[in-house]
C-alpha cells in the first residue's frame with residue numbers, strides 16, 4: 001500500500017507550539033509569525049500548532065532540519081531561553097507540560113525514534129513562561145525572549161543554508 | 001513478545017478493598033474512578049469527573065443563532081464537527097429547513113473525516129495497548145511499529161479531510177448554519193482519493209488485526225441507543241431508537257431521557273426516565289444499524305466473528321475499526337458523486353421558536369436543543385454529550401466486572417477497571433459539563 005504525497009516539502013521546517021489565547025503559551029506562535037514576515041528567509045516551511053505530538057511526527061518526517069519553539073514551565077525564571085540539539089542532548093520529559101489530550105513533544109520524539117520517523121536534525125528552543133491565564137498578551141520578559149529566539153533561529157537558518165551549521 | 005505489565009494471576013484477597021485510580025490515562029480529559037468493596041460485595045462505584053464545569057449552555061444565552069456552531073465546537077478538540085453539525089441542524093429545524101443535495105453530502109463527508117481521525121486515534125493509540133499489555137502506544141510501538149504507523153497515517157488522512165472541508169482539523173471554521181462558508185472543488189476532493197483508497201485497505205487490515213486480540217468473556221445486556229435513518233448508517237439524521245422499545249423523533253428526547261446531577265461528578269448523568277442506564281456510541285450504532293452497513297463492512301464483520309450483534313464492550317475496538325472502514329468507503333462514494341453546489345450554503349432565517357439537533361459523534365449521539373427569540377438570539381440551550389450519557393453505563397459495567405472478579409489481585413483488578421473505562425473512549429472534556437480509580441475494600 002502506498003499513499004501519495006501531494007505537496008513538495010522544504011527540507012527545513014520551523015514549528016511553533018502553543019495556544020495564542022493563553023498569554024505566554026503563545027510565544028512559540030509569535031516567533032513563527034515574526035519569522036514568516038522576514039523577506040530574507042526563503043525555502044523554509046513554517047507551522048503553528050497546538051501541543052499535539054501525533055501531528056508533530058507527521059510534520060517532521062523526512063525533513064533535514066526541524067526547529068521547534070515551545071513554551072516551558074520548569075520552574076526557572078520567566079523568559080529563560082534554553083536550546084537543545086534533540087538527538088545529542090537530554091531533553092526534560094516535562095518540556096511541554098501544557099499538553100493534556102495528546103502526547104508531549106518529548107513523547108513524540110521518543111515515538112518517532114521508535115518508528116524511524118525522525119528528521120535528520122532537530123533543534124528545540126524552550127522559553128520559560130509565567131502567565132498562562134486567558135488572553136493574547138505576552139508578558140514583557142517572554143515577549144523579549146521571543147524576539148531573541150527569532151533572531152537566533154534566523155541565524156540557524158542562515159548557517160544551514162550556507163552549510164555552516166553551528167551549535168550555539 | 002510483548003512484556004505484559006499486568007499478569008492474569010489471581011490471589012486470595014481481603015474481604016474489604018478500595019480500588020483507586022487517581023488519574024486515568026489514555027482518556028480525553030481528566031477524571032478518576034473509585035470502587036468500594038465491603039464484605040466481598042461491591043458497595044459503590046463512582047466515576048469522579050473533576051474537570052471543571054464548562055457552562056456552555058449558560059453562555060450561549062443571548063448569542064446569535066448563527067454563533068452556536070462555532071461556540072459549541074469549542075467544547076471538544078476531538079469531535080468539534082459533531083457539535084457544529086448538531087447545532088446547525090437544530091437552528092435549521094427552528095426554521096423548518098432541511099438541507100439536502102451536495103451540502104448534505106459534504107456534511108457527511110466532514111463527519112467521515114472526524115470518525116476516521118477519532119477512531120484511528122482510539123483504536124491504535126489508546127485502546128490496542130490494553131489488549132497487548134502495554135502501558136501506552138509508545139511502548140507498543142517497539143513491538144508493533146507497523147500498526148502504530150498505520151494508525152498515525154489513518155489519523156492524518158482523517159485530519160486532512162477535515163482540513164479540506166472545515167478549513168482546519170481542530171475546531172473547523174467553514175461549517176455554518178445552512179451549509180459551509182466555502183466548499184471544495186472537484187479537483188481538491190479528487191486529490192484525496194488515493195489516500196482514502198489506502199485508508200480503506202488499511203481499515204480492512206485493522207479489522208482483521210484487532211479481531212485476533214485476546215478478549216475477556218464479558219458481555220452486557222445493554223440498552224443501545226442510536227440514530228436510525230431509513231437508508232443510511234447514521235451520521236446527521238434519523239430517529240432516536242433503542243433495542244428496548246424507544247423509537248422517537250428528536251423532539252421527544254427529553255421526554256424519554258433525563259440528566260441528573262450526582263455529587264461525585266461535574267458531569268451530569270443521563271438515564272431513561274424511570275429506567276436505567278443506556279449505551280450510546282459505536283456498539284449502539286452497530287447493533288441498531290448493521291443492516292445499513294455496506295456489503296464490504298458486513299463481510300469484514302462476519303469474518304471478524306461479530307456479524308449483526310456485539311455485546312462485548314471490549315470488542316468495541318473491532319466495531320470502531322469496522323466504522324473506520326465504513327467511513328472510508330462512504331467518503332469515497334461521496335467524492336465520486338460530488339458536484340460542487342452553486343452556493344456553499346442555503347440562507348436560513350429562523351423566527352422565534354424551538355429546534356432540535358442530534359447527530360452521531362464518534363462516541364455516540366450528541367443532542368442539542370435551542371430556543372431563540374424574534375431577533376435570532378438564543379434564550380435557552382441544552383446540550384447532552386455522549387460521554388455524559390454513557391457515564392452511568394460505565395459505572396454499571398465496572399460494577400458487573402468487579403462483582404465477578406472479586407478474587408482478582410488488586411493491581412490486576414485496577415488495570416482491568418481502567419480498561420473498562422477506556423472501552424468507551426470517554427471524552428471527559430465534553431462531558432463536563434470527567435477520570436482517577438479508587439478500589440476500597442473494607
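Couple of notes before you dig in:
- Any hit, segment B:171-188, residues being closer than 28 Å to residue B:99 by Cα and within 11 Å of chain A (Cβ to nearest Cβ): yes
- Residue within segment B:109-124 that is in a helix (DSSP H, G or I), within 14 Å of chain A (Cβ to nearest Cβ) and surrounded by fewer than 24 Cβ atoms within 10 Å (Cβ to Cβ) present: no
- Taking the criterion of being surrounded by fewer than 21 Cβ atoms within 10 Å (Cβ to Cβ) and in a strand (DSSP E or B), the residues of segment A:66-88 that qualify are A:81, A:82, A:83, A:84, A:85.
- Strands (runs of 3 or more DSSP E) (entirely within segment B:319-422) containing at least 2 residues that are surrounded by fewer than 17 Cβ atoms within 10 Å (Cβ to Cβ): B:353-361, B:378-384
- Any hit, segment A:35-47, residues being outside any strand (DSSP E or B), within 14 Å of chain B (Cβ to nearest Cβ), closer than 27 Å to residue B:160 by Cα and at pLDDT 85 or above: no
- Condition met for residue B:140 (surrounded by 23 or more Cβ atoms within 10 Å (Cβ to Cβ), within 10 Å of chain A (Cβ to nearest Cβ) and in contact with a helix residue (DSSP H, G or I) (Cβ under 6 Å, 6 or more places away or on another chain)): yes
The values are calculated or read from the model by the stated rules, or taken from the named source; none is laboratory data. All of these numbers come straight from a predicted model, not from anything done at the bench. Counting neighbours? That spans all protein chains shown, and the Cβs are built from the backbone with ideal geometry, glycine included.
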